[in-house]
Ligand SMILES: Cc1cc2nc3c(=O)[nH]c(=O)nc-3n(C[C@H](O)[C@H](O)[C@H](O)COP(=O)(O)OP(=O)(O)OC[C@H]3O[C@@H](n4cnc5c(N)ncnc54)[C@H](O)[C@@H]3O)c2cc1C
């Protein structure tokens, strides 16, 4: 086993290889929680000879929330698959890969749709923003998590992970040589290191009092969610608009309103769908929308009754599960790492599902933790210093997300501010995606993990930044926008004035690519057409600041070269998806179901 690199393929199973390493009943790593964090981590470790035990209080398949992916999440999944040699993980990185290899129960995500509402009024088509996911990247997913998580569990098992289901962990004792994990059954498990991936109910956070009281986070929201049948596509009930590159129903739809937003994540939004469900949730700032004294069903009904187009979308729809209603969602950690233990990101803290960053944070954490653990196992040295970076990473991810969500909620109070803030979010998305695309492509070509360091120490995380960094102007813009939003929140600045300043900054900045309409408040659809991409490449070469120009060119071209590489994308499945639902001589084409063929 070498520093975070995959082990050479052996003919034996992971379990046999792990057993051959000896060590008796002591595992290298005990992971508490077999959600997406625990299963992906277990698969990556076990594939590289680590002896892993994965313990969960529940049994798969089980209902889990966190369904919408973003390009950054999918690229991190690709990177994990390559770096740790678990090719199955790559299937999760495209809609087509999931559909062909994992489950047909997921939905497609072609766009991020945001529609802005005023209470009591029909939704105005002028108040819509749309971010189209460029086809040169890939098509994102609406994961039906119970299928994804249980499939990932089987991948972890395939590589030798030992699994204990229906075994709640009640306590963990750490000593000089390792950790004893106590189970509710009275049994215990011994390991050299414990990863707590048990999410919100983190066992170690509870034991060590790791939650900050009160949380340091600015952001406030509570939630209410369920799965439904019979939710109509927004396109079918809303007033028509100018037309966007994909239907609202083909993406993750965000209904925005003062003090909150609502997600609509359909699983039945493509021609070969087999799952009639749609995930729906409302997020509200409790300072604006305190929890009413009624049932969650009643609260949901009262909410949709206020917005005519949302009410129309839910006419005839039916919730299929018990409602989940939470208190304030935000929690923050004092510490995420200690001697022989580490929390994964959802166990460490949480902000808000807005912009779907939960799983991307999880995958960044798993990526950084896996190679540190493999090195520690190899050297039999689990000193805290080896894992200290995890603390910086996780706290940085949370603080970044806190700022992003808190400012977005401020912008929900005024369409003009939202329309400006949307562009800041989009700019961040584009730059971060270029970074991860470039890192992935360079890694594929060189197999040198040094090219991934830059990603691990991403320049956009953390509060402090170096003034001489080539990215300093980008960070300066983010900081200024955050200050403007806070001034609006504190009623020191008018939202329209803040929006005007943000738009002016976007127009002035030499690092903002001019071809997507980021600086044009009238362009409500951000879509990179092929022509836009060509123009952007020329801009990157001739006009952009050198480092941003290089990032733009490499982020686009290096990854585009991989788009047709064998084994990288499910091109056959993309073609079948393209054909599905099309008509030939008046009849719908029949495309085979991958799970039956
Ligand atoms: C309302 C909401 C909406 C979200 N939407 C999105 C989204 O659209 N996109 C996105 O990327 N992210 C989203 N997220 C975040 C996403 O859910 C998380 O990032 C992701 O699920 C974290 O996975 P995990 O494996 O860390 O935790 P979980 O999926 O919560 O898994 C934790 C596991 O630990 C087990 N466990 C708990 N306690 C114990 C114990 N004592 N002993 C043994 N096992 C235990 C549980 O049974 C469970 O299997 C959302 C989060 C919330 C709260």
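The values are calculated or read from the model by the stated rules, or taken from the named source; none is laboratory data. Everything quoted here is computed from the prediction, not taken from an experiment. Please note: Cβ atoms are built from the backbone with ideal geometry, for glycine as well, and neighbour counts cover all protein chains shown.
Based on this model, can you work out whether residue 297 counts as more than 14 Å from the ligand (Cβ to nearest atom), in a helix (DSSP H, G or I), modelled with pLDDT of 95 or more and over 20 Å from the mean Cα position of the chain (by Cα)?
yes
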Quiz item: Hey, does segment 122-134 have a residue that's outside any helix (DSSP H, G or I), modelled with pLDDT under 95 and surrounded by 23 or more Cβ atoms within 10 Å (Cβ to Cβ)?
Solution: yes
Practice problem: Go through segment 535-570 and give me each residue that's surrounded by 12 or more Cβ atoms within 10 Å (Cβ to Cβ), part of a helix (DSSP H, G or I) and free of Cβ contacts under 8 Å to residues at least 60 places away in the same chain. | Solution: 535, 536, 537, 538, 539, 540, 541, 549, 550, 553, 557
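Being surrounded by fewer than 18 Cβ atoms within 10 Å (Cβ to Cβ) and assigned to a loop (DSSP other than H, G, I, E, B) is the requirement here; does residue 453 meet it? Working first, answer last.
Working: surrounded by fewer than 18 Cβ atoms within 10 Å (Cβ to Cβ): yes; assigned to a loop (DSSP other than H, G, I, E, B): no.
So residue 453 does not fit the description; no.
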Quiz item: Within the set of pairs 6+ apart or on separate chains, which have a first residue in segment 63-77 that is free of Cβ contacts under 8 Å to residues at least 12 places away in the same chain, a second that is assigned to a helix (DSSP H, G or I) and within 10 Å of the ligand (Cβ to nearest atom), and C-beta atoms under 8 Å apart?
Solution: none
Quiz item: Among the residues of segment 310-360, how many are closer than 14 Å to residue 66 by Cβ and without any contact (Cβ under 8 Å) to a residue 12 or more places away in the chain?
Solution: 0
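Can you go through 340, 318 and tell me which one is outside the structural domain of residue 96 (by TED's automatic domain parsing) and either away from the ligand (no atom under 15 Å from the Cβ) or in contact with a helix residue (DSSP H, G or I) (Cβ under 8 Å, 6 or more places away or on another chain) (or both)?
Details: 340 fails: outside the structural domain of residue 96 (by TED's automatic domain parsing).
After applying the criteria, what remains is 318.
I'd like to verify a number: residues in segment 185-204 that are free of Cβ contacts under 8 Å to residues at least 24 places away in the same chain and over 18 Å from residue 52 (Cβ atoms), how many?
Here is the first cut: in segment 185-204, the residues free of Cβ contacts under 8 Å to residues at least 24 places away in the same chain are 185-188, 201.
Subset that is over 18 Å from residue 52 (Cβ atoms): 185-186, 201.
Residues meeting the conditions: 3.
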Self-check item: Members of segment 89-133 that are out of contact with any helix residue (DSSP H, G or I) (no Cβ under 9 Å at 6 or more places or on another chain) and under 30 Å from residue 79 (Cβ atoms)
Solution: 132
Exercise. Please go through segment 65-117 and pick out each residue that is closer than 20 Å to residue 593 by Cα, within 16 Å of the ligand (Cβ to nearest atom) and not in a loop (DSSP other than H, G, I, E, B).
Key: 95, 98, 107, 108, 109
Quiz item: Does residue 522 count as outside the structural domain of residue 127 (by TED's automatic domain parsing), without any contact (Cβ under 8 Å) to a residue 40 or more places away in the chain, crowded, with 16+ Cβ neighbours inside 10 Å and outside any helix (DSSP H, G or I)?
Solution: no
